[in-house]
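See below for the structure under consideration.
Every read-out reported here was derived from the displayed coordinates using simple, explicitly stated rules and does not represent laboratory data. Note that this is a predicted model, so its numbers are computed, not measured. Heads up, the Cβs are rebuilt from the backbone with ideal geometry, glycines too, and the neighbour counts pull from every protein chain shown.
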Amino acid sequence: MSRVGVITFPGTLDDVDAARAVRRAGAEAVPLWHGDHDLQGVDAVVVPGGFSYGDYLRAGAIASLAPIMREVVDAAGRGLPVLGICNGFQILCEAHLLPGALVANAGMHFLCRDLVLTVENDRTAWTSDYTAGDALTIPLKSQEGRYVADAATLDELEGEGRVVFRYRDGAPNGSTRDIAGITNAAGNVVGLMPHPEHATSDLTGPSSDGLGLFTSVLAQVTA
């Protein structure tokens, strides 16, 4: 059975749901602790949402320097699939695994709503079970979810097909070019602000559309 690590930092609150999503996809969820230097031989890693270290200094900034993140950065460089969700996306940007930054929402309000994402790139380790153009209904809940980057970086992301998800009906948080998620050049690291781990069951979420991220990576690691 494939093993997917789920990191817990002080202030993480979506690790339980992320682990549940991993199990629903058919893998073993392996708890990883922020203070450890051991990835326990996992096949992939999820950096979940929450408020790591209270988001003091800047969202994700302190967590990006945690011992476990040093291991994640090194392993991602060797091709380990890594998914950052919400605060996890912020952490991956702060760790320079992904370009750009997440800043306060336009309007400075916390947003919590279901919305529709369009899959732009179905060639990453986390999106191969989708088809480009698919529409996914997934919750968004964040205060600092507005993706920004300089024009050259944005053009590079667009030119290389590295925008993975886009807000279909416009970004409620003001994200540049309606970007909801991006990938690195190799396609093994993906970050997004909405929460696919909260959309893995029609019983408890707005849809089961998010499960595809977790089944995609299992297909990747067992290929």
Choice from 153, 12, 176 with maximal GNM fluctuation in the chain (Cα, 10 Å cutoff): 153
Dipole of the range 96-223, positive end: most advanced residue of 184, 215, 108 [Cβ charges, Cα centre]: 108
FRET efficiency, 1/(1 + (r/R0)^6) with R0 41 Å, evaluated for residue 65 and residue 202 via beta carbons: 0.55
Residue 158 versus residue 176: modelled label distance in nm, points set 7 Å from Cα along the beta carbon direction: 1.1
Inter-label distance for residue 57 and residue 108, nm, one decimal - labels placed 7 Å from Cα along Cα-to-Cβ: 2.5
Cleavage-rule hits (chymotrypsin sites (Phe, Trp or Tyr not before Pro)) in the range 98-131: DSSP loop, at most 13 neighbouring Cβ within 10 angstrom: 110
Selected from 101, 75, 29 as most flexible by GNM, with the chain as the system and alpha-carbon contacts under 10 Å: 75
Loop sites in the range 27-115: trypsin sites (Lys or Arg not before Pro), DSSP, at most 12 other Cβ within 10 Å: 78
Computed Rg/Rh of the chain, alpha carbon atoms with Kirkwood Rh: 0.92
Residue 169/residue 13 FRET efficiency (R0 22 Å; Cβ-Cβ; nearest 0.05): 0.20
Order by protection proxy (mean Cβ within 10 Å, highest first), peptides 166-172, 211-217: 211-217, 166-172
Contact order relative to length of the chain, as percent, for alpha carbon pairs under 8 angstrom and 6 or more apart: 21
Electrostatic dipole magnitude of the range 78-223 [Cβ: Lys, Arg +1; Asp, Glu -1; Cα centre; debye, to 20]: 200
Computed over the range 101-140: relative contact order in percent, which uses C-alpha pairs under 8 Å that are six or more apart: 44
